[in-house]
Each structure stands twice: as structure tokens, then as C-alpha cells.
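Working notes, structure below.
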Amino acid sequence: MIQYAVRRLLLAIPTLFGVTLLVFGMVRMLPGDPALTLAGAQATQEMVERLRQEMGLDEPVHIQYIRFVGDLVRGNLGKSLRTNHPVAAEVAQRFLPTLELSLASLLLAMAFGIAAGVVSAAKPYSVFDYTSMVAALVGLSAPVFWLGLMLMLLFSVRLGWFPAAGRGTLAHLILPSVTLAASSIALIARFTRSTMLEVLRHEYIATARAKGVREIWVVLRHALRNALIPIVTIIGLRFGALLSGAVLTETVFNWPGIGRLMVDSILARDYPVVQGAVIVVAGAFVFINLGVDLLYGIANPRIRYE
Amino acid sequence: MARKVLVAVVSLVFLGIAGLGQTPKLGGEMVIAFGTDPEALDPNRITSAPAGMVLTHIAETLILMDEQLKLQPLLATSWTVSEDGKTVVLNLRKGVKFHDGTPFDAAAVKANLDRFRTATFAFLLYPRVQTVDAVDEYTVRLNLDMPFAPLLSHLSHNFVAMLSPKQLAALPAGQFVMDPVGTGPFKFDKWVRGEYVRVVKNADYWGDKPYLDSVVFRIVPSDATRLVLLETGEVHAIMRVPPMDAPRVAKVRGVEVVNLPGVRTIYIGFNVTKYPFTDVRVRQAFNYAVDKEAIVKEILGGAGGASNAPIMPLIFGYTPQEPYKYDPEKARLLLKDAGIPKGYKVTFHHPTGRYVMDAAICEAIQAYLRDVGIELELVTMEWAAYLAFMNKPVAESTHLMYMLGWGTVTLDADYGLFSLLHSSQWVPVGSARSYYKNDTVDALLEAARTIADPGARKDLYARAMSLIWKDAPWLFLHYEGQINAQRTMAKGLVHHPREYILAHKAWIDR
């Protein structure tokens, strides 16, 4: 298993290298110019030219790329064109809040999603099943910014239970993580339900019941354990999506995360920050996928790593 | 007249919320929320109003432009401009120290001004100052290569604030100041990027000491979230309330909406080198075809005003022109005269989310022009792409009609007209994206830069603007108003036309 993990980590190197090439190229293919964007509509040519020089954008693109990768290998993500701050510091400062928010949402999503899915599958076509599946449909389809604002209006403006926006205490974390978790709860719930229903039809479940195992143990030990592999896959994918897809939640709740940093940097054409942020998120993705693959073995010992 | 009225309105706004007659309470932290993180806090690098607003609490300028747009002494106590307009002598305030204890003197001013001259963004000072002499400990002399009348208002701009020479000397090459050390009533404390900037009271301030212990500038990009934070009382004041939300916010208990004029003019430019805008009748017809008053009233919720000059009324040099009154019939006749067939198609490029209600306004213009037989094809562009598209030299330009705004932050007509309408300023050199050229206008704008007498300058601008108005290189739209909102407990906040909320003399009524 360790050998497998090491091999996977080595394979991540070309993947991330591909990411650098893609993001470097894509961000430069966007129309627009960082110097002009920073200088603004009221700038003179002289200002824009000076700025372009300061930013090192007067060099040929391939030289810029070689320099970027060279710095990257040495662990240097470069400097923001807009603020001149080291990109590594800026990305690190924004990655932690996003990680915090994503983990909180993931926990909520797993707890509520799996629970709702399991109960719905155990008692299919019951009132609980219908209610939770309709709620899941709503959770899936409600736009994040709308949901966020509604929660904010209810729990901050009307009831005054939680602060409306910003980051700091645990109370600040609740509304954004619920908002971000909503679609994942829904997805995991529906997915768990259908996988469980399928597993519950298997003969070994009938055998377990015939042996007189109590229904709760049939569901939890015999069915859920076997349904977990696809659920773990979905959860892993969701985690990646939460990490990179929190930008709307971050904007509504003024959460200083990496999604907002990325969008702001794209709008400002701040190439080094976009590159740095994408590489960090891509790296996180690779790790999460590896983690999920390793979890398979724990969830189901029949899986072997070769 | 209009200027007086507006200034009166502005003053009323300030008096109304200043809480005069009450005794200010000491202490506390005031929180002000706005939409974008400052790009830096270095006068050499900043271009945005939020950055200027934070910086002005920490670092001071030589000359102050107060909220009634009058020049007042600040770090300079008095100044004289020589007869030929080529020398400006500033007498400096004595006994002022930077936050790091460095004395403020002529050497400090010279260090700062010399730095601006080599800076990327010191466009405000840049044009004419050639050298700066420290005459004695508290006197500096600026030597210009030719007279530049707007210089004093330029020196009042927050982008030319004075920083400690000790800090500047210690700054590594290629770096910008992120933790400014100035002489202001507040000292820089902390900047968490994307979250907030915090400043704390400077107990050794040379002037009236601030009442507040600290001020936090919170960065909250979402309009809706800023409103909620104000309603819950988590912040004391917010900038840029969307026009459609203003009436509702005004009804929230403990909250008041503050309307004030801005200094940004919004216009639709025509590329006058391309058919059909080579014909002045077409340009005038477009001006007659659009009901600007209705746009301000219905789309902007009454914040701002319809343009009756290329600059807005608060700017020095403003003279109102005879408005192009909404008259679709006249527009149709002019278009017919110009031989424009019915249903003629024109492409119209515009940004979205940049100016207040920009896309909605462009759609309204589309409807107005359809009414006079012109089919506008709207092309909505993301800001950075739009800027690059719009910054082409005339030979490569492909735009016909475009929307842009211009903030005359120096509050002097020179900055509001020269870069936009003088023929030496066609992009990419300056910001003239209509490629307009009128030799008389050029001569008038040049002359108005170099004579010192305000009355004579105003005359020159009046003549230039009347020609520009008739030539109509733009569809003159409106100037933006600002809608801010604040808790009533926040007293003494100043809402400044430069798009600032200032807490220098603010206090919290708990």
C-alpha cells in the first residue's frame, strides 16, 4: 500500500506539470493586459508602459514560462503583479479559510447526507423518504447565493443568532458551511439512497435477515458497508468541488477564501496569483483522490493495491 | 448657480449627519465596509478610491481639499505661486512628526515629491514639476517647466500623501509600501488581505485628536452582504448602496441613507473617425434620441444628474450648456438629413458591473434608439478585455460606440477634459477614445492649463465646452451620484465626493 501511495505521488508530478502549462497558457490567452487593467481607463500610455516593464511582461512568453517553472521547482510561486506580494503567502493565507469551510461542509454533508440516504433506503416510499428526497431536490437546485442570502436574512437579520458575514469565531462558520453543504448533502443523500436500495436487494441481505440479524444491523453493517465504495468516491469528488467551488459562498458570506482570490485575480489578470492558486488547488485535488483510493481498502478489504 | 446649489446640498448632508450640538463620546471602533481590497497603500502605486480612502486616514497631503471642495492648509500652511506660474513655494507646518518619530520638514517633502517624479502612478504631479528644492527647514519650492494651473488641486489628492522618509529609504527596490507611516490622525495597524485594514488612533497627532480608538475598513464585495451587515449593526457605514435598495434601506430603523454627488461622468463615446459618426448630425441625433432625465430617475433612482456639460457641476471650470432635450422627432429628422436609412445597424460595446447599472442603461439606450430607427447591437464585455479592446490606436480601432466613465478626482476641469478631448491624447497616449479633434478646442484647453487667473481659466473652459457640446463626440449621459448608508449612531462621518467615507472626526453615540 505504501508502495502504491508513493507511485501515485510520483505520478502526480507530470499531472501538476501539465497543470502549470495549461494554466500558464490559458490565463494568457484571455484578452486583456495586466498592466492596462491595473492602470485603468484613466491611465496614460507612459504609466502603462512603465508598469508593463515593472511586471516583466515585456519579455517573450516562453522565457516567462521557463522562469515560472524554474521558480516553481524551487518552491517560489512568484509575486503578484497587482500587489507585489509573494504569491505563496497570498495563496496560503486564502487557502486555509477555504479548507476550513470545505471541511466543515464536508462533515455536514456526510453526516446529514448519509443519514438521510440510509433512512430513506431502509424505509423506502415512506413519508420520511419522500420528504427528505424532495428536500434534497430543493437543496440541489437552490442557487447558492440565494440560499446564502435567505439564511442570512433569517438567522442574522431576523433572529440575530449568527453573524451575517466574515470569518473569526465558530459562529461565523455555521451559515456559510450550511450553505456550501446544501447541494452536497442532497447529492450524497440521493446517491446513498439509491446505492443502498440496490445493495438491500442482494441475496446476502436476505440471508442475514433469515439468520435473524436485527434490521438495524442489517442496514448498517451488511448493507451500508457494501454501499460505501461508491459513496466514498462521491464524497471525495465533492470535497474537491467544495475546495474549488466555494467562490459564491465565499462572496456572499465575505469569506476570505481562495475562490474569491482566484476570481479577483482572473479579473485583474494577475497571472502569477491565478497560477499559484490553481496549482495549489490542483495539488489538493491530487491528494484527495489518492486519499479516496486508499480509503477504498479500508472500506472494503477485498480491494488490493498493485 | 448649479454648482452653488449642489455644494449647498452637500453641506447639508454633512451637517445633517455630523451630530452638531452633541458632545462627542471618546473611544470605540468604527467599522466601514466597501467593495474592493486596496491594491496597495503606497501613494506611488494606488489608483482606486478605496485605497485612497484608507490611506487618507494615515497619511496626509500638503494641501487639503475639504468636503466642500475648497483648498485648505494641511501639511503646508500657506503657498504662493509666482507671477509667471513656474514656481510654487509651500510653507510647511512646524512641529509635525511622522508616526515613527521622524520630523516632518522640507527634506521629507522633497524625498516624497522626488519619489513621485520617478513613480509609475504619480500622474497627478508628473506633468510639469521638474525639480523640488528644500529652501530651508520648513519651505519647499517646486520648479515647473511651464505653468500648470491645476497643480494645487493635484497636490490635494490623496494619492500624493506624505510618507516617512525613513520608511521610504528602507524600502527595498521594486517594493511598495503596505504599512504606510504618515502624519495622519490614525496609525496603520493591520491589513488582512481580502478581509480588512485596521488603523488605530494616533495619540500624538498634531491637530485635533480623533475621538475613535480605531477604525476598521472591511472589504465586502457583495452589495447584498454589505447591506445585511449594516442592518445587523456589524458595520457602521457602507459604500455603494444599489439604487433599487435605497428606499428599503432608508426605512430600516437606526439606519440612514446618504445621497451625495460623485465626480464621475458617464458618457457614450462615438468613434468620430468612422461612419456614421463622422457626421455631426448623427451624433446630435443620438443625443436627442435618449431621455437622460428618465434614465437618472428610473434606472439610477435619482442618484446623480443628467449631464449638461462634459464635466459635472462640482468641478472647477464647469459651465452648463443648453441640454439636448429628449426629442425623438428631431432625432429622426437629423438622421434623415444625414441619409441614415431606417433600421441602420450600429455596434455598441459596453462593460458590465463597472458603473452603476451600466448594462441596464445600455439596454435603455438601445430601446430609445430603436424608436428613432437605429438598431444597436449590444456587445457586453468583461472589464479587462474591454479595456484592451478600447485601447487601440485609431488605425486599428474597430469600436464605433462605447460606454465609459471618467472620475475627475482632481476636481479641476483640466483633468476632466484634456485627457479625453484634446487631440494629442488619442489612445493609447491618453484616454481620448473618440479620436475627436477640434483645433480651437485644443488651443483653448492648452491655454487654460497655463494661465493662473481662475476667472480667465473658467472662460476658456466655457468656450471649449460649448464647442465640444455642439460637436457632440459623445452622447452626454449623466454624472453618477453616490448612495452610502450608515447607522444613525455613527456621528461625524464625512461622505466625500471623491468616493470616500472619512472617520477623522467621527464618534460613536452609544
- line: Considering only helices (runs of 4 or more DSSP H) wholly within the stretch B:343-442, the ones with at least 1 residues that are more than 26 Å from the chain's Cα centre (by Cα) are B:358-371
- prompt: Tell me, which residue of the stretch B:114-140 that is crowded, with 17+ Cβ neighbours inside 10 Å and at pLDDT 90 or above is farthest from residue B:451 (Cα to Cα)?
  reply: B:138
query: So which of B:179, B:245 is in a helix (DSSP H, G or I) and within 14 Å of chain A (Cβ to nearest Cβ)?
result: B:245
task: Pull up the stretch B:359-409, narrow it to residues that are buried (at least 18 other Cβ atoms within 10 Å of the Cβ), within 11 Å of chain A (Cβ to nearest Cβ) and out of contact with any strand residue (DSSP E or B) (no Cβ under 7 Å at 6 or more places or on another chain), then point me to the one that is farthest from residue B:456 (Cα to Cα).
output: B:384
- request: Enumerate the helices (runs of 4 or more DSSP H) found wholly within the stretch A:42-145, keeping only those where 3 or more residues are over 27 Å from the mean Cα position of the chain (by Cα) and free of Cβ contacts under 8 Å to residues at least 60 places away in the same chain.
  value: A:45-54, A:61-73, A:127-141
Residue ID - surrounded by the fewest Cβ atoms within 10 Å (Cβ to Cβ), chosen from residues in the stretch B:26-40 that are part of a loop (DSSP other than H, G, I, E, B) and facing chain A (nearest Cβ under 10 Å): B:36
Single match in B:477, B:421 (criterion: crowded, with 20+ Cβ neighbours inside 10 Å and within 17 Å of residue B:272 (Cα to Cα)): B:421
statement: Here the residues within the stretch A:6-36 that are closer than 29 Å to residue A:52 by Cβ and either outside any helix (DSSP H, G or I) or among the basic types (Lys, Arg) (or both) are A:28, A:30, A:31, A:32, A:33
The stretch A:103-129: number of residues that are over 18 Å from residue A:198 (Cα atoms) and either surrounded by 13 or more Cβ atoms within 10 Å (Cβ to Cβ) or not aliphatic (A, V, I, L, M) (or both): 10
- request: Sort out which residues of the stretch B:269-281 are closer than 18 Å to residue B:433 by Cα and in contact (Cβ under 8 Å) with a residue 24 or more places away in the chain, and write them in order of number.
  value: B:269, B:270, B:271, B:272, B:273, B:274, B:276, B:277, B:279, B:280
task: For residue B:89, state whether it is of a type outside the set (Gly, Ala, Ser), within 17 Å of the chain's Cα centre (by Cα) and modelled with pLDDT of 95 or more.
output: no
- prompt: Does residue B:306 count as surrounded by 16 or more Cβ atoms within 10 Å (Cβ to Cβ), more than 28 Å from residue B:481 (Cβ to Cβ), in contact with an Asp or Glu (Cβ under 7 Å, 6 or more places away or on another chain) and of a type in the set (A, V, I, L, M, F, W, C)?
  reply: no
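The rows are residues; the columns are (1) among the polar types (S, T, N, Q); (2) over 28 Å from residue A:249 (Cα atoms); (3) in contact with a Leu (Cβ under 6 Å, 6 or more places away or on another chain).
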| residue | (1), (2), (3) |
| --- | --- |
| B:191 | no, no, no |
| B:216 | no, no, no |
| B:250 | no, no, no |
| B:287 | yes, yes, yes |
| B:303 | no, yes, no |
task: Could you list all residues from the stretch A:164-209 that are surrounded by fewer than 19 Cβ atoms within 10 Å (Cβ to Cβ), within 17 Å of residue A:99 (Cα to Cα) and of a type in the set (A, V, I, L, M)?
output: A:170, A:171, A:174
Filter result (touching a residue at least 12 places away in the same chain (Cβ under 8 Å), farther than 28 Å from residue A:98 by Cβ and not basic (Lys, Arg)) within the stretch B:165-195: B:165, B:167, B:168, B:169, B:177, B:180, B:181, B:182, B:183, B:184, B:185, B:186
- request: Please find, within the stretch B:218-236, the residue that is modelled with the lowest pLDDT out of those that are within 24 Å of the chain's Cα centre (by Cα) and more than 7 Å from chain A (Cβ to nearest Cβ).
  value: B:223
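The values are calculated or read from the model by the stated rules, or taken from the named source; none is laboratory data. Only a predicted model underlies this, so the values are computations on that prediction, with no experimental measurement involved. Cβ coordinates were reconstructed from backbone atoms using ideal geometry, including for glycine residues, and neighbour counts include every protein chain displayed.
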